[in-house]
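The next block holds one structure in the form of structure tokens; read it before the comments.
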Amino acid sequence: MSDATTALFATPLNIQHRALGALMAPFGGWDMPIQYEGIIAEHRWCREQAALFDICHMGEFQFKGDIVAAGLEDLFTFSITAIPVGRSKYGFLLNEQGGIIDDLIVFRMAEDEVMIVVNAATAPNDCKVIQSRLKGGQFTDITAATAKLDLQGPKSREVLVDLLGGWVAEIPYFKFVQQTVLGVPAIVSRTGYTGELGYEIFLPADKVGELWEKLLADERVKPAGLGARDVLRLEVGYSLYGSDIDEATTPLEADLAAFVKLDKQFVGKEALLKQQEQPLKRVKVAFKVTSRRTPRHGFGIFDGEKQIGEVTSGVFSPMLGCGIGLGYVEPGYAPLGTSLTIKQDRAAMEAEVCTVPFFTEGSVRG
């Protein structure tokens, strides 16, 4: 548990964060760094150099066995057996009503083995739900033994090539390799949450401190907290679980149907098929504020004096120089270019429905 409070868990890097003067705060039940130098500075460093994030709070599960016979193939909104070994896939774990229990990524480690990476706050419930739906195989929660660092930014590749070797440069987008890092088995995946070229590194928890220090010894690398991470992810339009998506929201409402294969079986499919037969009552939209004002989670979305929705995520975008956000509105207000008013108490700002990503110049596919 965290030294700061018995109510929070701490990652293996908690002492390092405090030594760097990080502002710490609760996130998903964990004591996490929000910022070091400052959100704007860390955001800029990730867009221009290479930022290092502690993501050890995420949950990891391992499954070994017959994917089809054990029922794992029917758990998620995508086909696991269709994922080639060495690749990963994003999608959802749903409830019977089609609501999103969690969004997650599955890594196909071998023909009969996968690693499932889930959100920190939902990990305990995800574990229970998955176990309750499995009919066989070996399912193990490996969260406590597994650490995860994200190195993100246009210089992340050259940093890791210098530290680990030229094989890093050969990893395509959304593919991973199993390699030895610092003398221990590790997974290096070309994935991330920032819109920039980047890598996620999974390794044993007792080795993450050493890797953290080696990476920060490179002048191209600086630590970044969850504050910068939130701005980065929103600039490229990624949804945040607990804010933009949750168990009361379906992928259809969240404009995430692209990650749902309705030609396969999964829990919640029938509810989604039924929802397709009728007009949606609300839909997620992206909007851009016409000024430098910042929308926030919970602000109302209005057409004149009529409230037609609510903001779920909002920040000031350093790259665009204006406020941006995501929220849910009545479907009639979802077309591109629709004018909206964002209000909270006496604060009001004009906005317009737009496409995502907001920021289109990232190096993610570089």
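The values are calculated or read from the model by the stated rules, or taken from the named source; none is laboratory data. Computed from a predicted model, the values in this text were never measured in an experiment. As a convention, Cβ positions derive from the backbone with ideal geometry for all residues, glycine included, and neighbour counts pool all protein chains shown. For the accessible areas, the whole protein counts, side chains as well, though only heavy atoms, and no ligand, DNA or RNA atoms are used. Shrake-Rupley method; radii C 1.70, N 1.55, O 1.52, S 1.80 Å.
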Practice task
Might you check whether a residue that is open to solvent by less than 30 Å² (accessible area, probe 1.4 Å) and in contact with a Leu (Cβ under 8 Å, 6 or more places away or on another chain) occurs anywhere in segment 328-347?
Solution key: yes
Completion exercise
residue 364 meets each of (1) assigned to a loop (DSSP other than H, G, I, E, B); (2) open to solvent by 80 Å² or more (accessible area, probe 1.4 Å); (3) not charged (D, E, K, R) with one exception, condition (2)
Fill in the blank from the handout: The residue that is nearest to residue 207 (Cα to Cα), considering only those in segment 33-68 that are open to solvent by 10 Å² or more (accessible area, probe 1.4 Å), of a type outside the set (Val, Ile, Thr) and in a strand (DSSP E or B), is 62
Handout entry: Among (1) buried (at least 17 other Cβ atoms within 10 Å of the Cβ); (2) free of Cβ contacts under 8 Å to residues at least 24 places away in the same chain; (3) not hydrophobic (A, V, I, L, M, F, W, C) - the single one residue 193 does not satisfy
Key = (2)
Exercise for the section: Starting from segment 317-337, keep only residues that are farther than 27 Å from residue 229 by Cα, then list their pairs with residues that are open to solvent by 10 Å² or more (accessible area, probe 1.4 Å) and part of a loop (DSSP other than H, G, I, E, B) whose Cβ atoms are within a distance under 6 Å, requiring at least 6 positions of separation or different chains. Expected result: 331/280
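Conditions tested, residue by residue: (1) buried (at least 20 other Cβ atoms within 10 Å of the Cβ); (2) in contact (Cβ under 8 Å) with a residue 12 or more places away in the chain; (3) over 23 Å from the mean Cα position of the chain (by Cα).
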position	(1), (2), (3)
173	no, yes, no
178	no, yes, no
181	yes, yes, yes
189	yes, yes, no
210	no, yes, yes
Practice task
Please indicate, with yes or no, whether at least one residue in segment 8-21 is more than 30 Å from residue 265 (Cα to Cα) and part of a strand (DSSP E or B).
Solution key: yes
Practice task
Sort out for me the strands (runs of 3 or more DSSP E) sitting completely within segment 265-326 that have 2 or more residues that are in the same structural domain as residue 102 (by TED's automatic domain parsing) and open to solvent by 40 Å² or more (accessible area, probe 1.4 Å).
Solution key: none
